[in-house]
1. Output the residue which, of all residues in segment 87-117 that are assigned to a helix (DSSP H, G or I) and either free of Cβ contacts under 8 Å to residues at least 12 places away in the same chain or touching a Cys at 6+ places or on another chain (Cβ under 6 Å) (or both), is nearest to Ala253 (Cα to Cα).
2. For segment 24-38, name all the residues that are surrounded by fewer than 14 Cβ atoms within 10 Å (Cβ to Cβ) and either more than 20 Å from Val187 (Cα to Cα) or among the charged types (D, E, K, R) (or both).
3. For residues in segment 280-307 being farther than 22 Å from Ala253 by Cβ and either among the aromatic types (Phe, Trp, Tyr) or touching a Leu at 6+ places or on another chain (Cβ under 7 Å) (or both), which is surrounded by the fewest Cβ atoms within 10 Å (Cβ to Cβ)?
4. Is it the case, given these coordinates, that Arg245 is of a type in the set (Lys, Arg), outside any helix (DSSP H, G or I) and buried (at least 24 other Cβ atoms within 10 Å of the Cβ)?
5. Looking only at segment 156-166, decide whether some residue is part of a helix (DSSP H, G or I), within 18 Å of the chain's Cα centre (by Cα) and of a type outside the set (Phe, Trp, Tyr).
6. Residues of segment 59-84 being without any contact (Cβ under 8 Å) to a residue 60 or more places away in the chain, among the polar types (S, T, N, Q) and in a helix (DSSP H, G or I), which ones?
7. Among the residues in segment 39-61, are any hydrophobic (A, V, I, L, M, F, W, C), under 17 Å from Arg185 (Cα atoms) and over 14 Å from the mean Cα position of the chain (by Cα)?
Amino acid sequence: MEKIKIIRKLILGLPLSEAEFKIRDFEVGLPAQNRLELVAKTVVNAYNIALECGLSKNLSIAIAQVSNELVGFFHEGAAMGLFTLDLFSISNKNRLYDFIEGEGRNHAYMSYIGAGIASAIFRNNNFEYFTTKANSEGESLFLNGIGFYNAYFKPQKTLKEMFIPRSFAGKKAYFLEGYDNGIGRAVWFYNSGEPTKIAETLAAFPEERQGAVWAGVGLAATYAGGVSERKIHLLKELSGKYAHRLGEGSFLATHTRQLAGNPHTTDKTEKILTGRSSMECHEFAMEVIEKTLRGEKYINGEPSFQLFLGMIREWVISNQATNIYVAKNEIMS
């Protein structure tokens, strides 16, 4: 059994060097590089551990050793590894869901993304096998993972040639939205969190896709971070008419951290991008989830998570206009 674990890690595993920006031809030499490479290496390391350990006590021990700040990324990588085992398993194909319902329940959002990445790595075009079993947010975040993989590992094809998987053909609009959210998340890494570079990268996208990609940038800027407050102000300025989508992503990121119990020690990024504090964002999210969505996957034929995101956008637009944390005449230095 131990030999089998080692063999599957050797065959399916990823070297930590895959997370290095120089190898990936990402922007290097910028202040955020070390932070973002650490994040990526945490995901890859967790993936390899999950491949070897599976859903076991050893995986739980490994999770317990990760810092509170990085544990969400570790869950992303662990879910990525567990779903990979599910994809290649003949009998047991429920490791991922068992993980999400157990050890990973507080980090379900990040786990869904990790599963999407694994699906894309191994070209599992039958992703609806997963999405039909997932709840509404799981479906959308799984698609996010597919987009992230393509932009992170295939930036030329995805960010320059605008590649969209053929399996997305004929699917509803929210499939591409989720995919583009993941692309935006990867762009944060690709451009090392540099606002001017990010704006240039996103400007190449068709206008109808830019909003969703900006939302992904906002998610990564808030969840992964790595840049100064001044650069967050600049990022918001450069987002222009997509500032509310940038804020949407920031809102989702801080809500995700609050759900998991590992919020950042400061919430300056979300205050700038959403107009409200981390806790205010989370409280509004829980109110919508409990009073409007009520655990339903679909509401009036629409995925409930898409309704949730729509309500977030409206809330962000309102609060950005009356931002109590950022004075309108604030001088950026």
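1. If we take residues in segment 87-117 being assigned to a helix (DSSP H, G or I) and either free of Cβ contacts under 8 Å to residues at least 12 places away in the same chain or touching a Cys at 6+ places or on another chain (Cβ under 6 Å) (or both), then Arg105 is nearest to Ala253 (Cα to Cα).
2. Asp25
3. Taking the candidates together, the pick is Tyr298.
4. no
5. Yes, there is a match, as at least one residue in segment 156-166 is part of a helix (DSSP H, G or I), within 18 Å of the chain's Cα centre (by Cα) and of a type outside the set (Phe, Trp, Tyr).
6. Scanning segment 59-84 gives a single hit, Ser60.
7. The answer is yes; a qualifying residue exists.
Here is a yes/no grid of residues against (1) polar (S, T, N, Q); (2) under 26 Å from Lys93 (Cα atoms):
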residue: Ile146; (1), (2): no, yes
residue: Lys157; (1), (2): no, no
residue: Asn181; (1), (2): yes, no
residue: Ala186; (1), (2): no, no
residue: Gly193; (1), (2): no, no
residue: Ile198; (1), (2): no, no
residue: Ala215; (1), (2): no, no
residue: Thr222; (1), (2): yes, no
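Coordinate-derived values only; no laboratory data. Bear in mind that the values here come from a model prediction, so they are computed numbers and not experimental data. Counting neighbours? That spans all protein chains shown, and the Cβs are built from the backbone with ideal geometry, glycine included.
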